[in-house]
Amino acid sequence: MSGGLSIGSRSSARPALRFPAQGAASRLSLALVLLAAPAALAAQDAPAPAPPTTPALQVQNEIAGSVIDFEAEQLDYNNETDTVTARGNVILRSNDRSVRADAVTWDRGSGQIIATGNIRLVDEAGNQLFTDQVELSETFETGAMAELLIALRAGGRLAARSAERGEDGVALLTDAAYTACAVTDAEGCAKDPSWRITAKRVSFDPDTQRVEFTGAMLELFGARILPLPGLALRTDGGAESGFLVPDFRISQVNGLELSSEYYWRLGDNRDLTLGGYVFSNVAPMASAQWRHLTDKGAYQVTGYLTASDRLTDFTGEESFERDPRGYIEGNGRFQFSPEWSLTTSVRLASDRTFLRRYDLSRDDRLRSTINLERITDDSYFSLAGWATQTLRINADQGQVPLALPALDYRQIVEDPVLGGDIEFQVNSLALLRNDGQDTQRAFAGAQWDLQRLTGMGQVVTLTALVRGDIYNTDNILATTTPSYRGTEGWTTRGIATAAIDIEWPFVGEAFGGTQVLKPRVQIVASPKLRNLALPNEDARAIDLEDSNLFALNRFPGYDRVEDGTRITWGLDWELQRPGWRVSTTIGQSYRFDDQEEQIFPVGTGLSERVSDFVGRTQIRFRDYVSLTHRFRLDKDNLAVRRNEIDATIGSRRTYLEFGYLQLNRDIQTVEDLRDREELRAAARIAIGRKWSIFGSGVVNLTDAADDPVFQPDGFEPIRTRLGIAYQDDCIELGATWRRDFISAGDAARGNAFQVFFALRNLGFR
């Protein structure tokens, strides 16, 4: 019976008693309550009738206001020694702390509580301590212990030969070892951890949840390999200041590289990481990363700085100069209210080859953005701007635009109009270039949609769209492609589009599963437009695909709008059976009238009345096989104009990823639609349960017939990688070899070797 002291049998139902936490007044109160205890315990030796229910016994600390509860199967009181002993699954509780033991003895005179046998102590943070004997004070603080094990809530185990608590409450452990690895296997048998930290002394502060090691040494697979002076960690899983494990790398460009970082935890919501990089062939480099979580959001800023030789002339004779070089990036998001938010991103490099030279990024452009948004259930507002820094060797930065501002507002009308939904949109954009064409654009429009399900099961969608555009352009001759220029000065355009879309799904059984066959027909009509009178800034990369086959406007942006009348047909088929899912789609469109202006470049599949065939097929078997194939076939001779395959085969540990892309559009007049052929592959093969080898590669298969500008040879590796790795429940390590086949200035082609190492729950990479 919990909460009372039984007077009957010694095997009563787990009586519970509350000990005072501290104080003479509470000790006296408990003594008065226990005056009858000797007689009660003596009465237990003789048979007695079933005792009446005893009211719960609660002894409250009158000074500190805290109590210690306990439950036990058996309770004894020794009048001579003035001790109370509880035996059999004894459980003590105080606030959020608890102790489980085989036996607990409380000396009322000294206030000492000794727990023995299979002890498990849980503190406020959820950390668990296991030992055979522990001393507890009336404040429920632990004293001396021997052969103890601490299981931290955030992961990891800390064992020690002995431990004691100092007057300041800090626990001092002697001959200790820490690991985040499991010490037993799936069958419960003991096993040696992959790594552990041994130390002569370890201190644990329960107030700060901080563990400090003295004389720490890292042991890997039983071998002592690395001293770790000043090592510390937090038991609550929080970050702790200290050095991270160094990185080792060898490359033909920079030579031997050794890098390390120091993590500085400045508070619960902010930290700073300082890094240093030393190279055998070039000057050192420094890095820093600042992260801050505020009450409105979070942001981070990372920077790199060095001084080294760089190639200053990419077209003529080689010329080098030593300049400060670096890179800075930052991003953040702030939520001012449920509706309003601000998102920012900044990326800037000192020159075009810095990121590749130091293997920080392979991007060929860096984009900086800012976007203020307001999102509600029926409206969207965005005021944004972005700037792009090109890293392409032969690109002209003066031709890259700065977009500021870019405004977009959309509003959905709550009440239906003629049974359909209406959405209004207002958009404006200003593009500024140092050495190129400047464009300002604004438009306002509305779209009405009505969807109905007929009695025969057809899904019918009616759409109507109206829009008015106004453009202003300047310096159009700076644009090399004539179809992108538009007319100098102010130009307007009015757009009206109507469409009807009909889908008719049929469902039935097939091949042991369920199949869905869905024919689809769409008719879109729009009056003739003066498209080429307007500049084309955002609708250049046009290509007929399965994703835009049924779009009202198959151009990707706003500057070009497909006019005239067309009909589009498509057929979707899907089969689902246990473990399998197969879907395929194919379609084509027909335009009723010839365009007075050729807005679709020849080769995009849309330049003639009858379009090319486009489609997509997807096959998926559980989580082992995933294949997607996209294609475009020439309408006249069924020649393959687009052939794209993405496949993944295997499990999480052993798999093959394969990608192939071929664009054979024969477009030589528009730089944005250049042909290409590329092969990508990646694989990982598991060796046993913990080892694996992996590799990847990218190969350019474009030949001179596809791309006469660069005249490649048809087989040009871009980058390959090969490595070996070991991974278990607490450690990951390995080595990687990579080769780059393309040189860009001082970011020369060559080999690179890297060793990586990561320990779980220790803050190591």
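Per the conditions (1) in a strand (DSSP E or B); (2) in contact (Cβ under 8 Å) with a residue 24 or more places away in the chain; (3) surrounded by fewer than 18 Cβ atoms within 10 Å (Cβ to Cβ), the sole criterion not satisfied by residue 428 is (2). When 491, 463 are checked against the criterion of being of a type in the set (Val, Ile, Thr), buried (at least 18 other Cβ atoms within 10 Å of the Cβ) and not in a loop (DSSP other than H, G, I, E, B), a single residue qualifies: 463.
One residue alone among 622, 684 is of a type in the set (Lys, Arg), under 27 Å from residue 753 (Cα atoms) and open to solvent by 60 Å² or more (accessible area, probe 1.4 Å), and that residue is 684.
Reported count of residues in the stretch 220-245, each being at negative phi, crowded, with 17+ Cβ neighbours inside 10 Å, more than 23 Å from the chain's Cα centre (by Cα) and not charged (D, E, K, R), is 4. Give the stretch 431-457 a look and list any residue that's within 24 Å of residue 535 (Cα to Cα), in a strand (DSSP E or B) and of a type in the set (Asp, Glu), or say none. Across the stretch 431-457, the qualifying residue is only 438.
Might you check whether a residue that is aromatic (Phe, Trp, Tyr), out of contact with any strand residue (DSSP E or B) (no Cβ under 8 Å at 6 or more places or on another chain) and either at pLDDT 90 or above or more than 22 Å from residue 483 (Cα to Cα) (or both) occurs anywhere in the stretch 582-594? Among the residues of the stretch 582-594, not one is aromatic (Phe, Trp, Tyr), out of contact with any strand residue (DSSP E or B) (no Cβ under 8 Å at 6 or more places or on another chain) and either at pLDDT 90 or above or more than 22 Å from residue 483 (Cα to Cα) (or both), which makes the answer no. Inspect all residues belonging to the stretch 345-365 and state whether any of them is under 20 Å from the mean Cα position of the chain (by Cα), buried (at least 16 other Cβ atoms within 10 Å of the Cβ), of a type in the set (Asp, Glu) and at pLDDT 90 or above. Within the stretch 345-365, none of the residues are under 20 Å from the mean Cα position of the chain (by Cα), buried (at least 16 other Cβ atoms within 10 Å of the Cβ), of a type in the set (Asp, Glu) and at pLDDT 90 or above. Selection of first residues in the stretch 572-595 that are over 21 Å from residue 614 (Cα atoms) and assigned to a loop (DSSP other than H, G, I, E, B) and of second residues that are of a type outside the set (D, E, K, R) and open to solvent by less than 50 Å² (accessible area, probe 1.4 Å), restricted to Cβ pairs under 9 Å at least 6 apart or on distinct chains, gives the following pairs, ordered by first then second residue: 578/513; 593/564; 593/565; 594/564; 595/531; 595/564; 595/607.
Residues that are among the acidic types (Asp, Glu) and modelled with pLDDT of 95 or more were ranked within the stretch 489-534; the one that is farthest from residue 463 (Cα to Cα) is 503. If you go through the stretch 76-93 and pick out every residue that is open to solvent by 20 Å² or more (accessible area, probe 1.4 Å) and touching a residue at least 40 places away in the same chain (Cβ under 8 Å), you end up with 3.
In the stretch 98-161, counting only strands (runs of 3 or more DSSP E) that sit wholly within it, the ones holding 3 or more residues that are farther than 19 Å from residue 172 by Cβ span 113-122. For the stretch 246-275, taking the residues that are open to solvent by 30 Å² or more (accessible area, probe 1.4 Å) and either in contact with a Cys (Cβ under 8 Å, 6 or more places away or on another chain) or polar (S, T, N, Q) (or both), the one that is farthest from residue 303 (Cα to Cα) is identified as 252.
Taking the numbered list (1) closer than 28 Å to residue 468 by Cβ; (2) of a type in the set (D, E, K, R); (3) surrounded by fewer than 20 Cβ atoms within 10 Å (Cβ to Cβ) in turn, residue 560 passes all entries but (3). Here residue 175 passes the criteria (1) under 17 Å from residue 117 (Cα atoms); (2) open to solvent by 20 Å² or more (accessible area, probe 1.4 Å); (3) at pLDDT 85 or above except the one numbered (1). The residue that is farthest from residue 397 (Cα to Cα), among those in the stretch 461-481 that are in contact with a Leu (Cβ under 8 Å, 6 or more places away or on another chain) and aliphatic (A, V, I, L, M), is 462.
A single entry from 403, 444, 478 fulfils the requirement of being more than 26 Å from residue 351 (Cα to Cα) and surrounded by 14 or more Cβ atoms within 10 Å (Cβ to Cβ): 444.
The values are calculated or read from the model by the stated rules, or taken from the named source; none is laboratory data. Keep in mind it's a predicted model, so treat the numbers as computed, not measured. Cβ coordinates were reconstructed from backbone atoms using ideal geometry, including for glycine residues, and neighbour counts include every protein chain displayed. Remember, those area values only see protein heavy atoms, side chains included, never the ligands or the DNA or RNA. Shrake-Rupley method; radii C 1.70, N 1.55, O 1.52, S 1.80 Å.
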